[in-house]
Amino acid sequence: MMTNLFSVFDPSSSLFNLSINWISVFIGLMLIPSTYWFMPSRHHILWNNIIITLHKEFKTLLGPSGHNGSTLIFISLFSLILFNNFMGLFPYIFTATSHLTLTLALALPLWISFMIYGWINHTQHMFAHLVPQGTPAVLMPFMVCIETISNVIRPGTLAVRLAANMIAGHLLLTLLGNTGPSLSFVIVNLLIIGQIALLVLESAVAIIQSYVFAVLSTLYSSEVN
């Protein structure tokens, strides 16, 4: 008996009294194509094309001031979130990205490192960001407060956006699935079609949310250069 609506997402799997829920974070790594084949598979070619496309786009977002190899961390971030999102669509696999424990652990260290780097190396540039160009002198104190608040809540919005989007679709799939046994045969057929459509939508959300997380992280890092 569930204690509340969200208890279906509570970590519960264990082996020898050891929690194995968070092992699902690393299950997605098995999807990474092997680089040891003489003839690369279609999966390998597809993934390489995705990485090259992301590298070009992140390089453009970082601009000429970006350091060489700095896109690798954002491509790795995209890959980790994407694999976890897709793993969560399979039955009985713990969806780590629907919990703020993981999403905040990804967003907060990135944001803190960007802020430390920016304020130490580009202090004047960071102060200039607090007041947008063309702001009247009367509104400057208010703009500083608004810009500071919007900057401070960035890791929270990154983490909550990813977790909320992942948990919303899973919750809808769970609720619709639980109503199946009490419905008639015709309605169950319609329900299955609806579940398949939602699963396709969740697959798209899994890709989009990992992309959004990586792109916003890239944009936040480009602001401190």
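The values are calculated or read from the model by the stated rules, or taken from the named source; none is laboratory data. Keep in mind that this is a model prediction, so the values were computed, not measured. Methodologically, a virtual Cβ is constructed for each residue, glycine included, from the backbone with ideal geometry; neighbour enumeration extends over all protein chains shown.
Numbers at a glance
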item: Near pairs, Cβ below 8 angstrom, 6+ apart or cross-chain, from segment 119-134 (within 17 Å of Ile146 (Cα to Cα)) to any residue that is of a type in the set (Asp, Glu) and part of a loop (DSSP other than H, G, I, E, B); result: His129/Glu223
item: Which numbered condition Gly177 misses (of (1) surrounded by 15 or more Cβ atoms within 10 Å (Cβ to Cβ); (2) in contact with a Leu (Cβ under 9 Å, 6 or more places away or on another chain); (3) more than 26 Å from Thr53 (Cα to Cα)); result: (1)
item: Residue tally, condition modelled with pLDDT of 75 or more, surrounded by fewer than 13 Cβ atoms within 10 Å (Cβ to Cβ) and under 22 Å from Leu77 (Cα atoms), over segment 11-59; result: 7
item: Which numbered condition Pro91 fails, given (1) surrounded by fewer than 17 Cβ atoms within 10 Å (Cβ to Cβ); (2) within 24 Å of Val152 (Cβ to Cβ); result: (2)
item: Matching residues in segment 152-169 - criterion: being part of a helix (DSSP H, G or I) and surrounded by fewer than 18 Cβ atoms within 10 Å (Cβ to Cβ); result: Val152, Gly156, Thr157, Val160, Arg161, Ala164, Ala168
item: Residue that is farthest from Asn84 (Cα to Cα), among those in segment 178-198 that are in a helix (DSSP H, G or I) and in contact with a helix residue (DSSP H, G or I) (Cβ under 7 Å, 6 or more places away or on another chain); result: Val188
item: Residue match in segment 124-136 (condition: loosely packed, with under 13 Cβ neighbours inside 10 Å, in a loop (DSSP other than H, G, I, E, B) and of a type in the set (Ser, Thr, Tyr)); result: no
item: Given (1) modelled with pLDDT of 85 or more; (2) surrounded by fewer than 19 Cβ atoms within 10 Å (Cβ to Cβ); (3) among the aromatic types (Phe, Trp, Tyr), number of the condition Phe78 does not satisfy; result: (2)
item: Count of segment 74-107 residues which are in contact (Cβ under 8 Å) with a residue 24 or more places away in the chain and in a helix (DSSP H, G or I); result: 22
item: Pick from segment 85-138, criterion over 21 Å from Ala164 (Cβ atoms) and among the small types (Gly, Ala, Ser), ranking: nearest to the chain's Cα centre (by Cα); result: Ser113
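A quick yes/no check of all residues on (1) at pLDDT below 80; (2) of a type in the set (Lys, Arg); (3) within 28 Å of Gln209 (Cα to Cα):
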residue: Ala105; (1), (2), (3): no, no, yes
residue: Leu108; (1), (2), (3): no, no, yes
residue: Ile116; (1), (2), (3): no, no, yes
residue: Trp119; (1), (2), (3): no, no, no
residue: His125; (1), (2), (3): yes, no, no
residue: Pro136; (1), (2), (3): yes, no, no
residue: Cys145; (1), (2), (3): no, no, no
